[in-house]
Amino acid sequence: LKGFPAELSADARVDLEHRAVHVLHAKMDYRGQQLHLLSAAKVSFGSVLSIDELKLGVQDAVLEAHGEIWPALDLHAALSHINPKLINAFQPELVLQGTIEGTANLHGSLSAPTGRISLSARGFRFQTDEALGFPAFDLNAGAVLSGDSAALDIKLNAGSASLFSITGDAPLDAAASY
């Protein structure tokens, strides 16, 4: 992957009668990082595509997801504890401190999703010479999806000062006008 070797190993049981795959163990090694399945997960397929309790971990970071994907969308996901050590494993010497967290609660359909997505970066500092002396920043980004558009609310603060705020609607269709 992008010139770096990757290795994947997994144990799973396929249940064709009930149209499900039960993943018992999984591990992926990439760029010196080990991504692990933290608990058994189930993927159902057929008339409904769904995920039951997917929980992946790498270093301190955890990605959890569960719910239906198709034909109706009812998916809940959370990403927690993304820290500089993990980011720097993929982009060396980029981040000095901070954490990233995110959640998504999606409904509707893949073609017209509704729900809420949020992302926050707390106490973030970059390692570059240009960033030395700047205070750590906090980023809060949210989007409320309403089928064909998203209401955005993005705020960036550093120290006690607000650096910028963006609010407004954006279309979800890449060919639509902004």
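The values are calculated or read from the model by the stated rules, or taken from the named source; none is laboratory data. These numbers were taken from a predicted model, which means no experiment stands behind them. Virtual Cβ from ideal backbone geometry, glycine too; neighbours counted across all protein chains shown. Please note that ligands, DNA and RNA were not included when accessible areas were found on the heavy atoms of the full protein model with its side chains. Shrake-Rupley method; radii C 1.70, N 1.55, O 1.52, S 1.80 Å.
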Looking at (1) within 15 Å of residue 120 (Cα to Cα); (2) open to solvent by 80 Å² or more (accessible area, probe 1.4 Å), which is the one condition that is false for residue 153? (2)
For segment 148-171, which residues satisfy the criterion of being outside any strand (DSSP E or B) and either more than 22 Å from residue 108 (Cβ to Cβ) or in contact with a Ser or Thr (Cβ under 6 Å, 6 or more places away or on another chain) (or both)? 159, 160
Is it true that residue 6 is of a type outside the set (Lys, Arg), more than 30 Å from residue 123 (Cβ to Cβ) and surrounded by 15 or more Cβ atoms within 10 Å (Cβ to Cβ)? no
Being without any contact (Cβ under 8 Å) to a residue 40 or more places away in the chain and either in contact with a helix residue (DSSP H, G or I) (Cβ under 8 Å, 6 or more places away or on another chain) or open to solvent by less than 80 Å² (accessible area, probe 1.4 Å) (or both) is true for just one of 176, 89. Which residue is that? 176
Of those in segment 7-18 that are part of a strand (DSSP E or B) and among the charged types (D, E, K, R), the residue farthest from the chain's Cα centre (by Cα) is 15
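On the given criteria, is residue 11 farther than 29 Å from residue 138 by Cβ, touching a Leu at 6+ places or on another chain (Cβ under 8 Å) and surrounded by fewer than 16 Cβ atoms within 10 Å (Cβ to Cβ)? Can you show your working first?
Working: farther than 29 Å from residue 138 by Cβ: yes; touching a Leu at 6+ places or on another chain (Cβ under 8 Å): yes; surrounded by fewer than 16 Cβ atoms within 10 Å (Cβ to Cβ): yes.
For residue 11, the condition - farther than 29 Å from residue 138 by Cβ, touching a Leu at 6+ places or on another chain (Cβ under 8 Å) and surrounded by fewer than 16 Cβ atoms within 10 Å (Cβ to Cβ) - is met.
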State which residue is surrounded by the fewest Cβ atoms within 10 Å (Cβ to Cβ) when the search covers only segment 19-77 and only residues that are in contact with a helix residue (DSSP H, G or I) (Cβ under 8 Å, 6 or more places away or on another chain) and not in a strand (DSSP E or B). 32
Within segment 96-128, the residues that are in contact with an Asp or Glu (Cβ under 6 Å, 6 or more places away or on another chain) and open to solvent by 40 Å² or more (accessible area, probe 1.4 Å) are 107, 122, 127
Tell me yes or no: at least one residue of segment 75-95 is farther than 25 Å from residue 122 by Cα, over 14 Å from the mean Cα position of the chain (by Cα) and of a type outside the set (Asp, Glu). no
Anything in segment 109-147 that is outside any strand (DSSP E or B) and polar (S, T, N, Q)? List them, or say none. 109, 111, 127, 128
Listed by first then second residue, the pairs whose first member lies in segment 1-26 and is within 22 Å of residue 57 (Cα to Cα), whose partner is modelled with pLDDT under 95 and open to solvent by less than 100 Å² (accessible area, probe 1.4 Å), with beta carbons under 6 Å and at least 6 positions apart or on separate chains, are 4/31; 6/30
